[in-house]
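I am attaching a structure below and will ask some questions about it afterwards.
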Amino acid sequence: MRELFELFAVFARIGAVNFGGGYAMLPLLQQDLEKNRHWVTTEELMDYFAIGQCTPGIIAINVSTFVGYKKKGIPGAVAGTLGFVFFPIIVILAIAMFLRNFADLEAVKHAFAGIRVCVCVLIVQAVMRLWKKSVVDLKSFLLYLAIFLLALFSKQLPISIPTAMLVLLAGFFGIVLGKEGKEVAK
């Protein structure tokens, strides 16, 4: 029971300061869950983000569910998920009740503009960390470039490619390129 409460408390703390969504939270998760607690490896965390991207729901919540499940099965998944959403639900309800009255104030507009800049920095930081672990050779760079270009120009293509499809395509080509590399090595 203590471990379930710890999962709840850790994810409640992370959820309380999670501004900007899943990718913005990656540096915090890496520091807390990977480096401090050793609950996950970098590779596991990247896998959880990839799976969280192509499954229904919010990436950050999905990741808390995956980590909780890894630690304590279904009860851990529930504890991690509930912990992560606990404070945000309270904050969102409070903001919803008062934002209507304050949204037009210049100070509030400027505060949100500043928060958006900070979120961009956190996302760039997460991308740089992921880049170092993911783009490790020419094949992974070419796969990155292909998926990046598809994502960038998807709206200009005859049919728009959903993000989940890009993740699945990248996984498929990762398998193909991985097999090709093993066959060459034999």
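Just to be sure, is F98 more than 26 Å from P162 (Cβ to Cβ) and among the aromatic types (F, W, Y)?
In short, yes.
Can you give me the number of residues within the range 80-130 that are free of Cβ contacts under 8 Å to residues at least 12 places away in the same chain and touching a helix residue (DSSP H, G or I) at 6+ places or on another chain (Cβ under 7 Å)?
Looking only at that region, the number is 2.
Test I51 against the criterion of being under 21 Å from L166 (Cα atoms), among the aliphatic types (A, V, I, L, M), not assigned by TED's automatic domain parsing to the domain that holds T163 and not in a loop (DSSP other than H, G, I, E, B), and give yes or no.
yes
The values are calculated or read from the model by the stated rules, or taken from the named source; none is laboratory data. What you see is a predicted model, and the numbers here were worked out from it, not measured in a lab. Virtual Cβ from ideal backbone geometry, glycine too; neighbours counted across all protein chains shown.
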